[in-house]
Amino acid sequence: MTQHESAPEDEPRANGSANASVGSAPSDSVAAGDATTPTAQWAPLEERREPQPTSAPTAAPTAEDPLSAQIDASLAQPDPLALRPRTSSVVLCVVFGVAFLGVAAAVYWLGVHTVDGQSYEDLAIMNFANTMPAWLSFGNLKSGLVIGVSLAFGAAAMLVAAARKRWWLLGQLAVFAAVAFAAAKLLKPLLPRPLLVHVESSVNNSAPSGHTMLAAAAGLMLLAAVPRAWRACAAVLSTVFTSIVGVSVIYDRWHRPVDVVMSVCIAGACMMFALACTRASGMDRTGSRASSPSVQIAATALITLGLCAIAYGTYVLWQVFPGLQYASAWAAPGACAAAAAMVVGFAGLVNGMVLMMRQITAAPLTRLGLIGEPPAPPRKGAA
């Protein structure tokens, strides 16, 4: 029994020693490893780590970057307005040119191919010198003087365009002068004047009036050739010269009112078509383009004057219309006043419209801000 009693006591002791030996082995090895080679255990793990690629930090895109890129791209492209006017300006020139031709055709038909129109023309041309003030004859304006002044205006326009090195404009003016001269010469035999009523004046001078066409064309050439600072003055000068010649040829019985009005409208139409063909060297230089108060004021004044004078002449004609068919003496003063108003009115309207279109075709303001110098700050002591 001694053996059986001692066995249980020895068995746990043996098991405990075995367990202790088994359980202590790892701890001894770890301890041995920690004590002997701590680097050797973790070195393989460090060697297996691969360096992560690094990139330079990029700035977060902002909302202004696309707009800045678009502005830079647009500014890098050549400005189309440096080479040609705006499309809307070209279209307006064509529209106004066609409108002037339509007015010329309507005036010719009403004044030449209707009984009342021929009665009015004959009444006006036969009584103009006796009814209107004598100074409207301008000293019995001579044909040579009209031609000489007109040629001087035309030559000055060509010289100014050449001095400004506007070679395209020089060609425009040359073609315009040729077309206006051809129109004055070729339309006369093509536009007969039928005798619907008894006409006391000569029928040899038919529409259009060559002297008025020459004066109007020369004035418009000068208007188109001069720089921006002189355009308003040239427009006023052209209006005055055209009006003087137009009234004088009626006063001296060279032409009837319809012939004069037709000439002014045809010259204006030809110039509008010429301005529609404006290109780079026919325009103002990009660095000198600016809006012009003088052009705005002069164009507005001339157009307003022209429309008011035409409206007045139309009203007077409406008042004397019952006496036109029978050439009544009481209708003569009204017919003459209407003729003078119509000549001055169409001269002002055509020159004002050409002045306006010349400015916007020669100096279109571009997206580069070429509008002249910025406004200066107010000076000290200024009111």
- prompt: Once the piece of chain linking A280 and F321 is laid out straight, how much longer is it, given 0.36 nm per residue of separation minus the C-alpha distance between them?
  reply: 9.7 nm
- prompt: Based on the Cβ-Cβ distance from W109 to S328, what FRET efficiency comes out when R0 is 35 Å, to the nearest 0.05?
  reply: 0.90
message: Can I get the semi-axes of the stretch 284-327's equivalent ellipsoid? Compute them from the C-alpha gyration tensor as square roots of 5 times the eigenvalues, in angstrom, largest first.
response: 42, 9, 4
- prompt: At what distance in nm do the modelled label points of A290 and V95 sit from each other, each positioned 7 Å from its Cα along Cα→Cβ?
  reply: 3.0
message: Out of the trypsin sites (Lys or Arg not before Pro) in the stretch 266-374, which ones are loop residues according to DSSP with at most 16 other C-beta atoms within 10 Å?
response: R279, R285, R367
statement: Over all viewing directions the Cα convex hull of the stretch 278-353 casts an average projected area in nm² of 6.7
statement: Averaged per residue, the 1.4 Å probe accessible area of the stretch 190-311, protein heavy atoms only, in Å², is roughly 36
query: Which whole-Hz couplings ³J(HN,Hα) result when phi for each residue of the stretch 253-262 is put into the Karplus expression 6.51 cos²θ - 1.76 cosθ + 1.60, θ = phi - 60°, listed in order with x for Gly and Pro?
result: 6, 7, 8, 8, x, 5, 4, 5, 4, 4
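The values are calculated or read from the model by the stated rules, or taken from the named source; none is laboratory data. This structure is a prediction, so every number in the text was calculated from the model and none was measured. As a convention, Cβ positions derive from the backbone with ideal geometry for all residues, glycine included, and neighbour counts pool all protein chains shown. Note: accessible area is taken over every heavy atom of the protein model, side chains too, but ligands, DNA and RNA are not part of it. Shrake-Rupley method; radii C 1.70, N 1.55, O 1.52, S 1.80 Å.
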